[in-house]
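Structure, as structure tokens:
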Amino acid sequence: RMVAVLLTSFASGLPLLLTGSTLQAWYTDANVDLMTIGWLSFVGLPYLFKILWAPLMERYVPLSIGKRKSWIVLTQLAMVDGLVVVSRKDPHQAPDRLAFVAFLLAFFSASQDIVVDVYRTEVATASERGTAATLLMVGYRFAMLIAGALSLIIAAKFGWKLTYTLMAITFLILAFNSMMVPNSGKVERKESVFFLETVRLAWQE
């Protein structure tokens, strides 16, 4: 269970910079004008409003592998597709289209955060919550190092398209791993309770 907490926390932290400062660095490197780069700040809006569609993710179970695992796997596979599309775009030729794909990536990333936060609280027992909180920080921060510093190093040596391709492969591996993580085994909560808990978690972030 704690390995599942670590890996899902890593997956939760990985897309944040890939749709934020790392993407802005790519735009800068491609000599895109500052006005267009400034608009990229709106790409992160889904992280602010993710509580709006959280009840839908509580209500529906899209796959037979369990509610939490279903949404984790589906959002991660969606991000694989999105990162592949990003890797084939050129910010100099189509900055608006690339920004739109990045917005969709942020949407799926924010959706992943919703279910990962709840999964983490359900899968850990009372005695494991301190360990789970530590692993959350370790996984999340390590992912940000990968998506930030390491991505910039790879991009400087091998190019941005390969960088985002490698991130897509990383997410594909994470999606396969998410299919094998244990279910929480907790009693399903009522939609209203889940919604309030999601609001609390969002504000804590």
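Residues checked against (1) in contact with a Phe, Trp or Tyr (Cβ under 8 Å, 6 or more places away or on another chain); (2) closer than 24 Å to residue 146 by Cα; (3) at pLDDT below 90:
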| position | (1), (2), (3) |
| --- | --- |
| 2 | no, yes, yes |
| 10 | yes, yes, no |
| 36 | yes, no, yes |
| 46 | yes, yes, no |
| 53 | no, no, no |
| 66 | no, no, yes |
| 70 | no, no, no |
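For residue 90, indicate whether it is touching a helix residue (DSSP H, G or I) at 6+ places or on another chain (Cβ under 9 Å), more than 20 Å from residue 155 (Cβ to Cβ) and of a type in the set (D, E, K, R). No; evaluated as a whole, the condition is false for this residue. Can we say residue 74 is surrounded by 14 or more Cβ atoms within 10 Å (Cβ to Cβ) and in contact with a helix residue (DSSP H, G or I) (Cβ under 7 Å, 6 or more places away or on another chain)? When the stated conditions are applied, residue 74 does not pass them.
Return a yes/no flag: does the stretch 62-70 have any residue that is in contact with a His (Cβ under 9 Å, 6 or more places away or on another chain) and of a type in the set (A, V, I, L, M). No, because not a single residue in the stretch 62-70 is in contact with a His (Cβ under 9 Å, 6 or more places away or on another chain) and of a type in the set (A, V, I, L, M). Of 147, 133, which residue is open to solvent by less than 80 Å² (accessible area, probe 1.4 Å) and modelled with pLDDT under 90? Just one listed residue meets the conditions, 133. Comparison of 21, 41 shows that the only residue that is surrounded by 12 or more Cβ atoms within 10 Å (Cβ to Cβ) and closer than 19 Å to residue 144 by Cβ is 21.
The values are calculated or read from the model by the stated rules, or taken from the named source; none is laboratory data. Keep in mind it's a predicted model, so treat the numbers as computed, not measured. Heads up, the Cβs are rebuilt from the backbone with ideal geometry, glycines too, and the neighbour counts pull from every protein chain shown. With ligands, DNA and RNA removed, areas are computed over all heavy atoms of the protein, side chains included. Shrake-Rupley method; radii C 1.70, N 1.55, O 1.52, S 1.80 Å.
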